[in-house]
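The values are calculated or read from the model by the stated rules, or taken from the named source; none is laboratory data. The structure displayed is predicted, hence computed values, not measured ones. Cβ atoms come from the backbone with ideal geometry, glycine included; neighbour counts cover every protein chain shown. Ligands, DNA and RNA are stripped out before the accessible areas are found, and what is left, the full protein with its side chains, is counted by its heavy atoms. Shrake-Rupley method; radii C 1.70, N 1.55, O 1.52, S 1.80 Å.
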Amino acid sequence: MIHDPSRQTTCRRLATYYPRPASLGQVSNNCLAGATLRRAKLTAEPLQCGMHYLSPSSPPTGASPVPRAFTIAICCAIAGDVIASELPQIEPVQVTATRLSDLPPVSLTIVDEQSVEAQHSADVVDLLRLTPGVSTTQPGGAGGISEVFLRSAESNFTVVLIDGVRVNDPSNPRGGGYDFSTLSSNEIERIEIARGALSAVHGSDAMAGAINIVTKRPTANPTVSTHVEAGSDEFQRISAMASGPLGSSAAGSIKGSYSDFGDAVEGSGQRIASVQADLEFGSASAGIGNVRSGVRYVERDRKSFPDASGGPLFAILRESERSQAEESSAWARSTRALSSAWTMDTTASVFRRREDTVTPAIVPGVFEGVPSTVSTSRFQRGQVTVANRYAATSAVELGGGIDLQFEDGERDGEIDLGFATLPSNFDLDRLIRAAYAEARYRSEGGIELYGAARLDDSDEDKARSSGRIAARYTHAALGASIHASWSNGHKQPSFYSLGDTLVGNPDLRVETSEALEIGLQKSFVENRLVASLTAFRTEYEDLIDFDFLTFRLVNRDRAQIDGVEGALTLRPTQTLTARVHATLTDIDLGADEATLLYRPEEFGGLQVDWRLRDRWSLHAQGQFVGKREGSSVPTGQLSLDSYERIDLALSHDFSEQTTLFAALDNVLDEDYQEAVGFPNAGIQFRLGASVSF
């Protein structure tokens, strides 16, 4: 992990850790960020799904609709159908893996609305923890900065979208990695997680994959709903939503939420308030098409011990880092059927973010200390995408379009060295122009072929191409499928890594990745049991890291991550579903003494959903996380023990309009640390009710 002296917190990037004496400070950290991203969309057919399912495709003749798999441990078939909007219109489910109308072979997990409601999670990070191939960390509880790692890659190698709007901020010291703790779980309808290099769809940043979070949409019938929740250590949450038709061909909604996560961990706390309005109108066959639009505003106030300070257990100075942030976004998306075969989507979006942060100093220990900083960062992105889809035949679909994106980021800050104050400022912008093409072929014999290519051109870099090739074969009689894919990705250096006064380097090169994977999926007993196994390899080059000799960010050589993911879904009855998954990885950073911080090489989970009676439901989940390497200034490098955690949630439907639930997190009161010196919150209890009218 690297200590970036321009901020008190340690940016944990695709970070290597090189042991250094205290006189040199700590270790490496990719403080980079990226330029472009795209919003992609896919139309997912309703599948048997619950927590996890993969890319949908036409079921083989004579077989039940089963998710077909590839890549990483595909947790599949689960209880219940995907809940779809009642509005009569073309359903472009926005997102992660493609802009074609149906999914190509890609590793995709969907946490649907039914699963979100069953888990009653305290935050979004908890919803992601049990996804195959995904590991997370959030030092200090809710007030800490969360990171989500797809296949052990850095969090800033993942494109994150909310309702199709990209929300990565390349002006932050995390290189553009998104902090998921800014979201409230009761706002969410669905989360889509695609793994593997996806720059052919999203452009820069998608070297490890993409995550799209879809919030609740307007309904066809008038509805007012409220949610109230309270729990241990003064946790409280309240939300409300009003939704319904606005005339014969329009619907709208407005929703608001407030969460206070209390003080479960010493020195940590967070309050989030959000409001969002959505409007949908028009017909895909006339005028400007079917239009979806929305505006969203979020305020967040958090505190936590600084990253790498040693947390509540080891920090010498007992002061918390404090931050206030505002996020706003607006978007409009039009879908127009120009003919029976040709459909065009046009999307325009704006995202803005401002954050004021005060971070106390970290006193020297095994590693050299970090000075205190004060900073204000501002970032905005505007994006316009035009996507065309053409069904050439029943077996062949083509796509193509353009993507324009403008980013502007600035930071005003000061570093207090004790004897002097240094500025930490930058003001940068960039324009990215891109064109892309996709094609898919699907035969009646079970063969599916997919290809995608994209060319990105920015003012500060040469034109850069990305591609993806995938194939899948499904044997209908055996209920089995095999898939394989190759893809590459890239990431533009972040504004922070290019422009920071102290450690920035304007000559940084673009980071790149190349990924291979092969996977097998097999269903048994009329799809009551679905098993999958996927092997993958991803190579990264020109990784951005901190160099102690020059005291600035530089490009390093390479890293290679190999892994295997397995998943099993069992549905013995209509009321009981069990899912288990496991991931094993081997990380090679090209140096014996280098290690990837806070990334377990083995992790997995188990979930059980049981409809006990007509009105009672039980959700139980267990998580296993293996040993991880961590570090802090007071302690130096340490190995964190593995741990297991069990959560329970029990719901009772008093009527179709009223539900009462109780949730118990960390039932066995397991004592573990997500980062060195940051203990978990211990056993936590929450009680809540949802009422709709």
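A few notes on this one:
- Measuring nothing but protein heavy atoms, the accessible surface of the chain at 1.4 Å probe radius is 58 percent carbon and sulfur.
- What the phi angles of the stretch 470-484 give under the Karplus curve with 6.51, -1.76 and 1.60, with θ = phi - 60°, is a coupling list of 9, 9, 8, 10, 10, 9, 4, 5, 8, x, 10, 9, 10, 9, 8 Hz, glycine and proline written as x.
- Taking 0.36 nm per residue of separation and subtracting the Cα-Cα distance, full extension of the segment from Glu602 to Ile254 would add 121.1 nm.
- Protection proxy ranking, highest mean first, for peptides 487-494, 612-619: 487-494, 612-619, where packing is the per-residue count of other beta-carbon atoms within 10 Å, averaged.
- Full-extension gain in nm, Ser339 to Val564, via 0.36 nm per residue minus C-alpha separation: 76.6 nm
- Accessible area (Å², per residue) of the chain, counting only protein heavy atoms and a probe of 1.4 Å: 35
- Square roots of five times the Cα gyration tensor eigenvalues for the stretch 425-484, Å: 39, 12, 7
- Spin-label zone in the stretch 636-650 - amide nitrogen under 17 Å from a point set 7 Å from the Cα of Lys627 along the C-beta vector: 637-644
- Calculated FRET value between Thr501 and Val384, using beta carbons and R₀ = 35 Å, to 0.05: 0.60
- Highest average packing first - 280-288, 267-275, Cβ atoms within 10 Å: 267-275, 280-288
- Lysine pair number, Cα distance threshold 23 Å (strictly under), the chain, separation 8 or more or different chains: 4
- Helical content of the chain, expressed as a calculated mean residue ellipticity at 222 nm, amounts to -500 deg cm²/dmol (DSSP H runs of 4 or more residues, -39,500 (n - 2.57) each, divided by residue number, nearest 500).
- Cβ-Cβ FRET estimate between Glu539 and Ile238, R0 fixed at 60 Å, reported to 0.05: 0.80
- With both labels modelled 7 Å from their Cα along Cα-to-Cβ, the Asp412 to Lys462 distance reads 3.9 nm.
- Normalised contact order of the stretch 553-611, rounded percent, pairs of Cα under 8 Å and 6 or more residues apart: 36
- Percent RCO, i.e. relative contact order, over the chain, from Cα pairs under 8 Å lying at least 6 residues apart: 16
- In percent, rounded to a whole number, the relative contact order of the stretch 241-369 is 19, using alpha-carbon pairs under 8 Å and six or more apart.
- Modelled spin labels at Thr421 and Leu638, positioned 7 Å past Cα toward Cβ, are 3.4 nm from each other.
- Where labels lie 7 Å past Cα in the beta-carbon direction, separation of Lys522 and Arg615 in nm: 4.5
- Sparse-neighbourhood loop sites, GluC sites (Glu not before Pro) in the stretch 577-682 - DSSP loop, at most 11 other Cβ within 10 angstrom: Glu593, Glu656
- Förster radius 30 Å - calculated FRET efficiency between Ala391 and Arg354 (Cβ-Cβ, nearest 0.05): 0.10
- The P(r) of the chain has a tail past 41 Å containing 22 percent of all C-alpha pairs.
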